[in-house]
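See below for the structure under consideration.
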Amino acid sequence: MAEGPLVHLNARQLRKVLKGRKVNIEFGVLKMKKHEKSLRGIRIEDVEAYGKQFRIRLSDTRVILVHLAMWGYWRIYKKGEPWERPKERARLVLRTLSHEAIAFSAPTVRLFRADELGPDTRWGSLGPDPLREDFSSREFFKRLKQCPKLPIGEALLDQTIISGVGNILRIEILFGAGINPRRKVADLKEADRRRMLRWIINLMWKWLEEWGREDEWIRIYRGKSKPCPRCGAQVELFRQQDRITYACSSCQT
């Protein structure tokens with residue numbers, strides 16, 4: 001699944017070729033085809049990343065929401081270039097005079113009015129996103145405290161608590177902060193929460209800004225039975241919310 005840094009990186013790339021331009025929009029989702037006529041000649045106001053969502057804001061105030069989940073991905077082509085995948089896999093096509101931006105295999109493509117998205121309980125109730133300018137640590141801590149019995153390793157995957165953190169990030173965040181994923185939220189001290197937040201912000205920005213380089217910040221993900229790079233103890237593997245989890249058996253107390 002695309003984690004927050006990749007979504008923000010893709011949004012930057014899409015913004016360069018789409019923002020402020022008129023587009024022809026084609027949906028590859030049958031139930032969305034009925035909207036194409038009302039979108040003819042519309043302009044892209046902005047392409048926004050929020051957690052793991054893409055929000056494509058249109059000049060009539062509507063919003064196209066795209067979620068890539070495990071299989072989806074974006075490709076941008078100059079007009080006339082051949083696509084690397086068959087047309088049947090295209091879930092959304094955005095055509096300008098110079099480029100085509102295609103969301104392949106994206107399971108979620110929705111169209112909202114601006115006043116619909118915010119109140120929507122499934123798509124509009126996201127927690128704060130550390131990669132956005134409007135990120136609020138106060139709001140993050142407030143939402144975190146509302147689930148005191150939840151293990152912190154599960155809380156970081158809850159997109160209504162914090163947006164954009166996926167499996168790789170939460171494993172490395174908790175390792176860096178020295179916090180065991182099984183610890184209950186209520187058991188975290190103020191110093192634990194503050195230290196964890198620093199790791200959240202640092203690793204998410206590091207992944208975004210250093211995308212494509214060697215991921216030296218990934219230290220224990222997929223490190224089962226290997227020695228911990230910090231203390232030498234064995235890295236253990238277990239599951240949380242059906243997600244594979246890694247933690248040091250010694251220094252993540």
Next on the checklist: Taking 41 Å as R0, compute the FRET efficiency from the Cβ-Cβ separation of residue 35 and residue 237 and round it to 0.05.
Outcome noted: 0.35
Checklist entry - Cross-link list 149/189; 149/206; 22/78; 33/87; 145/206: which exceed 21 angstrom alpha carbon to alpha carbon? => result 149/206; 145/206
Checklist entry - With the dipole of the chain worked out from charges on the C-beta (+1 for Lys and Arg, -1 for Asp and Glu) around the Cα centre, which of 249, 66, 211 lies farthest toward the positive end? => result 66
Item to check | Cα pair distances exceeding 34 angstrom across the chain, given as percent | outcome: 25
Next on the checklist: Counting each pair of different Cα atoms once, what's the Kirkwood radius of the range 103-253 in Å, rounded to one decimal?
Outcome noted: 16.6
Checklist entry - Taking the chain as a Gaussian network, where each spring joins two C-alpha atoms under 10 Å apart, which residue of 48, 26, 210 fluctuates the most? => result 210
Checklist entry - Treating the beta-carbon of each Lys and Arg as +1 and of each Asp and Glu as -1, no other charges, what is the dipole magnitude of the chain about its Cα centre, to the nearest 20 debye? => result 380
Checklist entry - Just for the Cα atoms in the range 4-117, what are the lengths along the principal axes, largest first, rounded to whole Å? => result 36, 30, 28
Checklist entry - About its Cα centre, what dipole magnitude does the range 4-117 give when the only charges are +1 on Lys and Arg Cβ and -1 on Asp and Glu Cβ, stated in debye to the nearest 20? => result 200
Item to check | Nearest-ten-degree value, helix 190-209 long axis tilted from longest Cα axis of the chain | outcome: 40
Checklist entry - Kirkwood-based Rg over Rh for the range 135-201 (C-alpha set), two decimals? => result 0.89
Checklist entry - What size of dipole, in debye to the nearest 20, comes out for the range 164-232 about its Cα centre when the only charges are +1 on Lys and Arg C-beta atoms and -1 on Asp and Glu C-beta atoms? => result 400
Checklist entry - Can you give the FRET efficiency for residue 192 and residue 19, using 1/(1 + (r/R0)^6), R0 = 45 Å, r = Cβ-Cβ distance, to the nearest 0.05? => result 0.65
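Rule-based calculations on the coordinates, nothing more; no lab input. Since this is a predicted model, take the numbers as computed values, not measurements. A quick note on method: Cβ atoms are made from the backbone with ideal geometry, for glycine too, and the neighbour counts reach across all protein chains shown.
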